[in-house]
1. Restricting to segment 250-288, count the residues that are assigned to a loop (DSSP other than H, G, I, E, B) and either among the hydrophobic types (A, V, I, L, M, F, W, C) or in contact (Cβ under 8 Å) with a residue 24 or more places away in the chain (or both).
2. From ILE104, ILE113, which residue is over 37 Å from the mean Cα position of the chain (by Cα) and either assigned to a helix (DSSP H, G or I) or under 27 Å from PRO10 (Cβ atoms) (or both)?
3. Restricting the search to segment 289-309, which residues are buried (at least 18 other Cβ atoms within 10 Å of the Cβ), in a loop (DSSP other than H, G, I, E, B) and among the hydrophobic types (A, V, I, L, M, F, W, C)?
4. Within segment 30-97, which strands (runs of 3 or more DSSP E) (wholly inside it) include 2 or more residues that are surrounded by 15 or more Cβ atoms within 10 Å (Cβ to Cβ)?
5. Take the residues of segment 133-183 that are more than 22 Å from SER19 (Cα to Cα) and among the polar types (S, T, N, Q): which is surrounded by the fewest Cβ atoms within 10 Å (Cβ to Cβ)?
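Read-outs: derived from the displayed coordinates by stated rules, not from any lab. If you're wondering where the values come from, they're calculated on a predicted model, not measured in any experiment. All Cβ positions, even for glycine, are placed from backbone atoms using ideal geometry, and neighbour counts span all protein chains on display.
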Amino acid sequence: MIRVRFAPSPTGYLHIGGSRTALFNWLYAQAKGGKFVLRIEDTDALRSKKEYLDEILDSLKWLGFNWDELYYQSQRFDIYRKYAEKLLKDGQAFVEKTEKGEAIIFKVVGQKIKVNDLILGEIDFEAESFKDQVLIKSDGTPTYNFACVVDDADMQITHVIRGDDHISNTPKQILLYQALGFKVPYFAHLPLILSKEGGRLSKRKGATAISEFRNMGYLSQALVNFLLLLGWSPGENREVIDIQEAVKIFDLKNINKTAAVLDLDKLDWINNQYLKTEDPEKLADQLIPALAEKGYINPQEFDRNYLLSLVKLFQARLTVLNDFVDWADFFFQKEVRIDPQAQAKHLSVDLSKEFKMFCQRLDGLEDFSIENIETAFRQMVGELGIQAKVLIHPIRVALTGKTIGPGLFEVIYYLGKERVKERMAKWIK
């Protein structure tokens, strides 16, 4: 059975690079009917923090990368010590005394090491270029490479899929596999993700925590779709693909050998595609906490059908879900905030007569429907002999405080007759 692992260190949050590695491991396990192992590499007690661990676990669950087994390296120190002592006993390691304690060092013997990488092809290394490798540090903690080899062998990992920043570790690990008599797994190193400007990702260039993307209002399925395209393609120039469909066609050999470029504009586009087709009920559920935090609704007592109507009104326009909270604020506020520039551009001329006339027309509507509102408006501008835009923009600003948004007649309908008249009355002298 194919067994893969994702091995984050809880010394920081889960970012794009790590989540793509997790995705390709999880996806390969799904595609091959294998197991996805999650291993928390928390040997550094000083830098490992619970807040990072919680964020990593929460983010993986949110993305849908459910694991089959979970291990913590901090609970396995006795296992690392046992294998280090085996190498000592076999004469392949030695003890080095330091002021802080005793370290166990592996003796590197010169040889050529071949790595048949499933993505990058054959890579050759000369062991002579490596120094002797520390296995157990003087403080009793294992080194990264040693713990990694012991764990991968003990957990029966068949394929090590990780970022190509680990390539230099691979030959050192192969030496340890061989010294311990372990079967060497297959290796597949994922090319780097570069920023759009070029160079490695940094906080300034897209290395954003997954939890931040979540908080900004990206949908998990859109982010997973985006991660998929960072080094892999479903073919036929497709950019939107459901993860279950990807499972059926994914293979490591189809991963690109060249670096992927992080294009957050593409993420925005993909997220919009998913928002357009998402169930409004689900979107409403995700929006309730943000709307409650702003004081726009009482989560225990609000008109859900009204919220659903507004979600449907906006969802095709949204880039991220949080746009709704900013763009639809005028539906929830008693006093609408008018953008000063919009006011100067569209409400600097006295439109009292036209506004009063339109309010009267709305008042006379027995059936206050979107269709009837539009008919009343168009009849009125026709009688006045003016173009529709002469009034559409000023009315929109008076009602919403903004120059853009959903169709004006839908806005009027969902605001309701009384709120529309009240807001327009403020501009009637």
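1. Selection size over segment 250-288: 9.
2. Only one candidate qualifies: ILE104.
3. Correct list: ILE297 only.
4. Ranges flagged: 35-40, 69-72.
5. Checked segment 133-183; the qualifying residue surrounded by the fewest Cβ atoms within 10 Å (Cβ to Cβ) is GLN156.
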